[in-house]
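The values are calculated or read from the model by the stated rules, or taken from the named source; none is laboratory data. The structure displayed is predicted, hence computed values, not measured ones. In this analysis, Cβ positions are derived from the backbone assuming ideal geometry, glycine residues included, and neighbour counts consider all displayed protein chains. Heads up: the accessible areas ignore ligands, DNA and RNA and are worked out on the full protein's heavy atoms, side chains in. Shrake-Rupley method; radii C 1.70, N 1.55, O 1.52, S 1.80 Å.
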Amino acid sequence: MIDKKRMSKGQEFEIMKLVLDKFLWLGFIVMGWGMYQSLSQAEVMAGLWFMIAGAVLLLLFLIIIVKEYEVWA
């Protein structure tokens, strides 16, 4: 049988930070694109939808982070 090495809590947390950091950047990029669309075009609503989508992404990842933290704590 193959013994699997377990990661420490610190190692798991560092990996989670690296992964979630990328998702948070994605949310901010979507919001930034929406701001750019709002300021560069006459139609503000198109950019507003992107900003709302970015905010929803960020809230979703906030919920995921809190749930993971509660499992670990």
Practice problem: Quickly run through segment 1-34 and pick out the residues that are among the hydrophobic types (A, V, I, L, M, F, W, C), open to solvent by less than 100 Å² (accessible area, probe 1.4 Å) and farther than 21 Å from Lys67 by Cβ. | Solution: Val30, Met31
Exercise. Scan segment 3-25 and give yes if some residue there is of a type in the set (Ser, Thr, Tyr) and in a helix (DSSP H, G or I), otherwise no.
Key: no
Quiz item: Restricting the search to segment 35-66, which residues are touching a Ser or Thr at 6+ places or on another chain (Cβ under 9 Å) and surrounded by fewer than 14 Cβ atoms within 10 Å (Cβ to Cβ)?
Solution: Val44, Met45, Ala46
